[in-house]
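We did not get these values from a lab; they are worked out from the coordinates using the rules stated. All figures in this text were calculated on a predicted structure; none of them were measured in a lab. Note that each Cβ is placed from the backbone with ideal geometry, even for glycine, and that neighbours are counted across all protein chains shown.
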Amino acid sequence: MTYQSLAKPAVLAQPVYEPGKPIEDVARELGLDPAGIIKLASNENPFGPSPRAVAAAKRALEQGQLYPDGGCFALRQKLASAYGLGADQFIVGNGSNEIIELLGHVFLSPGDEAVMGNPAFVVYKLVTLLFGAKAVEVPLVEHRHDLAALGRAITLKTKLIFLSLPNNPTGTTNEPDAVLTFVRALPQHVICVVDEAYAEFVPNPPDLRPLIREGRKVVCLRTFSKIYGLASLRVGYGYGSPEVIALLNRVRQPFNVNAIGQAAAIAALDDHAFTTACVAGNRTGLQQLETGFRSLKLDYVPSVGNFILVKVGDGSRVFEALQRSGVIVRPVKSYGMPEWIRVTVGTPEQNKRLLAELKALV
Ligand SMILES: Cc1ncc(COP(=O)(O)O)c(C=O)c1O
């Protein structure tokens, strides 16, 4: 008997997630010097981590022999006072990816449905399928969530609806008022998961807290991987009603978030100078890329995130060629966009290099 024959059917049917390639992998595979490679593939922060977070992480490492605080008490307290919510309204995860999985553990069974945009962050679909539920994908219109169509896709079997604002891979968002109206109109058996991974880059993102206070079924997700530059430490969080947070805590592993990450995240929340500079740097970088794409006569999707879709013809070919020249971007063929690539906004020098390499290719 093989392992495969013993595995659960949902596992065998599970599509494989392809992450952005690490610099070391590309260097090894292509025989390049890692120092000359830039990675603009995973929407990381090109300005590095918050320096205050790095200092706190180093201090925490000195206590590396101890298990972390499994309940992330200090971080949840800090988040609670920043948001004006209770500490019991937050759950911290090993990246916000883990919270998406916890939502699946708690709410999705075979036969259930989860509604999501297409394209949208692929982990919604992966988690939905892993729990044997059906992923109901609703095409975007002009690269934005079609809220009316998402609403029409809801059935009595729908448990979750995922809204990523801004959406990955498109970098687009929806009007705050339209989002709040949409969520208020959802039926009582549907939980709206609002993924705010890139919300800090947006000047005026929808604020779901009033709806949470009203008792609407909303869970919001945020991460320290993007604006705070702490992707390697894997810290994300969700917030919602105390009831939903208690359910998510039931299926969480006791020590899911390490102490180094917790310490770094707490310090990062205080580093307003860093995040303000990153938002400004991102805005300038987006303008630099958009100007460059226009002069290369390449279509792009105007973005409010820290990444941008650009239409290059054969996305896979351009991805491969850029990689050979030491610039890692993301092909989005698997998102149904074979003519496009997704590029993370880099430092001015990185953006310049990408544009120069693209010019030689297209
Ligand atoms: C929309 C969206 N949500 C969540 C995540 C996951 O972030 P984390 O690093 O917190 O797991 C990402 C990562 O790229 C993302 O694009």
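Close amide-amide hydrogen proximity is noted between Asn118 and Val138, Leu140, each under 5 Å apart and 5 or more residues distant or on a separate chain (H modeled in the peptide plane; Pro and chain starts excluded). DSSP beta bridges confined to the chain are antiparallel in about 45 percent of cases. Distances between placed amide hydrogens fall under 5 Å for Glu339 paired with Gly315, all partners being 5 or more residues away or on another chain.
Working note: Karplus 6.51/-1.76/1.60 with θ = phi - 60° gives the stretch 19-32 the couplings x, x, 6, x, 4, 4, 5, 5, 4, 5, 5, 9, x, 9 Hz, where Gly and Pro are set to x.
I need Val235, Val327, Val318 ordered by Cβ neighbour count within 10 Å, fewest first.
Values: Val235 30, Val327 24, Val318 21.
Placing the least packed residue first, the sequence is Val318, Val327, Val235.
Beta bridges assigned by DSSP with both partners in the stretch 186-320 are antiparallel in approximately 60 percent of cases. For a label point 7 angstrom out from the Cα of Lys8 toward its Cβ, which stretches of the stretch 94-111 have the backbone nitrogen within less than 18 Å? 98-111, by backbone N distance to the label point.
Tell me the Kirkwood radius of the chain: reciprocal of the mean inverse pair distance over distinct alpha-carbon atoms, in Å.
21.3
Computed over the Cα atoms of the stretch 50-103, the ratio of the radius of gyration to the Kirkwood radius (Rg/Rh) comes to 1.01.
The stretch 76-132 and the stretch 309-362 have Cα centres separated by 30 Å.
Just round it to a whole percent: the fraction of Cα-Cα distances in the stretch 67-169 exceeding 15 Å. When all Cα pairs of the stretch 67-169 are counted, 66 percent exceed 15 Å.
Placing unit charges on C-beta atoms (Lys and Arg positive, Asp and Glu negative, everything else neutral), compute the dipole magnitude of the stretch 51-270 about its Cα centre in debye, rounded to 20.
With Lys and Arg at +1 and Asp and Glu at -1, about 300 debye.
Under the combined filter of DSSP loop state and at most 10 neighbouring Cβ atoms within 10 Å, the stretch 20-94 retains these GluC sites (Glu not before Pro): Glu62.
Relative contact order (percent) for the stretch 51-270, with alpha-carbon contacts under 8 angstrom and 6 or more residues of separation? Can you show the working numbers first?
Values: 413 pairs, mean separation 65.6, N = 220.
Once normalised by length, the contact order is 30 percent.
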